[in-house]
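Student: Structure incoming, see below.
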Amino acid sequence: MTTARHNPFAMHRIHSIRYMPQTCTWPELLERLRTMEYRGAIVGPEGSGKTTLLEDLGRHLAEEGRTCRSIFITLDVKVPPREIRAAVNAADYDVLLIDGADHLHPLVFGIIKHKTARGRKGLVITSHRPNLLPTLIECHTSPDLFGQIVETLAPSGDCPENIAAVYHKHKGNIRDALRELYDLTALK
Amino acid sequence: MSMSEIEIRTDNDVTRLAPGEILAGSVRWNLLEPPRSIDLRLMWYTQGKGDGDVGVVDSITFDNPAQYETRRFQFQLPNGPYSFSGKLIALIWALEAVVQPRDRFERLEIVVSPTRREIALLAPQPQ
């Protein structure tokens, strides 16, 4: 039995894997965001790395000297409207990062979009669907990317076989595929 | 201890304790610049399949820390939760010293349980 502490697919280990840009480099992505006046959307399906990319983008922007504020919304975690208002109305940030913007009511998102534009603030969001903001980047996964992540987490090859089958079973959702690898490893 | 280090040591190097016991020791640091603050936290956290959980049970702020120094600490451990390890989740107790600026930290894992051993959660046997 592999315990949680030793399972290479435990969540704390997965969180240590940072976004691996597939279609452009970090400098290219940051340049694209600059030309978009720091307003854009990271679009992609579940488990394609949108949240990880947004977190890493926040770090890169901070390194450039830009102050970011973050709001994380999921279907399970609702952020109280007053917290959203406080974040949007604060004067001490350059770029507002919203993970899961498509979970917001369209009217609420419209207000955020308007207020940040009026205040000349950046706004970068993640969303499953396009058209909330101009698309900065579309996140995709691939069997190769999944293999790369698995190799990073379990370099000794101490992971279940049929990695590609697990990837396809979860239709490219890397988060869910890694959860299955956790279970398969735990059973060993 | 090499340059810019922080070290947590418990008295007699005891790291396996029972709930309610006193945990005492010292924190020694040797930093490249004078720290703004140093906090020592008694905490537990989980690792496993799901998102981690964390609880800070007690903490000490070392006032006016110098660049090189050793300070004593003492905590009374609470009644729980116990340290345990299973397939889905593990609960780990630790002392964590956090140095500001730069968010540097050092962690020393401890075990808190009535037997002074991590409790092993066994998988149910098939019928």
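Student: Which whole-Hz couplings ³J(HN,Hα) result when phi for each residue of region A:28-42 is put into the Karplus expression 6.51 cos²θ - 1.76 cosθ + 1.60, θ = phi - 60°, listed in order with x for Gly and Pro?
Tutor: My calculation for region A:28-42 gives 5, 5, 5, 5, 4, 5, 5, 5, 8, 6, 6, 10, x, 10, 9 Hz in order.
Student: Just name one of B:10, B:50, B:95: the one whose Cα is farthest towards the positive end of the charge dipole of region B:1-122 (beta-carbon charges, Lys/Arg +1, Asp/Glu -1).
Tutor: Going by the Cα projections, it comes out as B:50.
Student: For chain A, what does the helix formula give at 222 nm: sum of -39500 (n - 2.57) over DSSP H segments with n ≥ 4, over the residue count, nearest 500 deg cm²/dmol? Let's see the in-between values first.
Tutor: Numbers: 8 runs with 81 residues, N = 188.
That comes out to -12500 deg cm²/dmol.
Student: Could you identify which residue out of B:96, B:33, B:106 has the top mean-square fluctuation in a GNM of chain B using Cα springs shorter than 10 Å?
Tutor: Judging by the Gaussian network model, the answer is B:33.
Student: If I build a Gaussian network model for chain A, linking alpha-carbon pairs within less than 10 angstrom, which residue out of A:128, A:114, A:60 has the largest mean-square fluctuation?
Tutor: Judging by the Gaussian network model, the answer is A:114.
Student: Let me ask something else. Just counting partner chain Cβ atoms within 10 Å, what average do the residues of peptide B:87-96 show around their Cβ?
Tutor: On the way: counts 10, 7, 5, 6, 1, 2, 0, 0, 0, 0.
The per-residue average across the peptide is 3.
Student: Same structure again: Can you work out the Karplus-derived ³J(HN,Hα) for every residue in region B:44-57? Use 6.51 cos²θ - 1.76 cosθ + 1.60 with θ = phi - 60°, whole Hz, and x for glycine or proline.
Tutor: 10, 8, 10, 9, x, 6, x, 4, x, 10, 8, x, 9, 8
Student: Cut-off 10 angstrom, C-alpha nodes, Gaussian network model of chain A. Which of A:115, A:78, A:50 fluctuates the most?
Tutor: A:78
Student: Using modelled amide H (1.01 Å from N, peptide plane; none on Pro or chain starts), what sits under 5 Å from the amide H of residue A:70, excluding residues fewer than 5 places away?
Tutor: Those qualifying (amide H under 5 Å, at least 5 residues apart or on another chain) are A:97.
Student: Next question. Under a point spin-label approximation (7 Å from Cα along Cα-to-Cβ), what is the residue B:79-residue A:1 distance to one decimal in nm?
Tutor: Taking the two extended label points, one gets 2.7 nm.
Student: Computed FRET efficiency, Cβ-Cβ of residue B:116 and residue A:55, R0 30 Å: what is it to the nearest 0.05? Before the final figure, lay out each step's value.
Tutor: Working: r = 38 Å, r/R0 = 1.28.
Using R0 = 30 Å, I get an efficiency of 0.20.
Student: Quick one: which of A:78/B:87; A:78/B:49; B:49/B:87; A:188/B:87; A:188/B:49 span more than 20 angstrom between C-alpha atoms? Present the calculation step by step, with values, prior to reporting the outcome.
Tutor: Values: A:78/B:87 30 Å; A:78/B:49 23 Å; B:49/B:87 9 Å; A:188/B:87 10 Å; A:188/B:49 15 Å.
Table pairs above 20 Å Cα-Cα are A:78/B:87; A:78/B:49.
Coordinate-derived values only; no laboratory data. This one's a predicted model, so the numbers in the text were calculated from it and none came from an experiment. Note: ideal-geometry Cβ built from the backbone for every residue, glycine included; neighbour counts use all protein chains shown.
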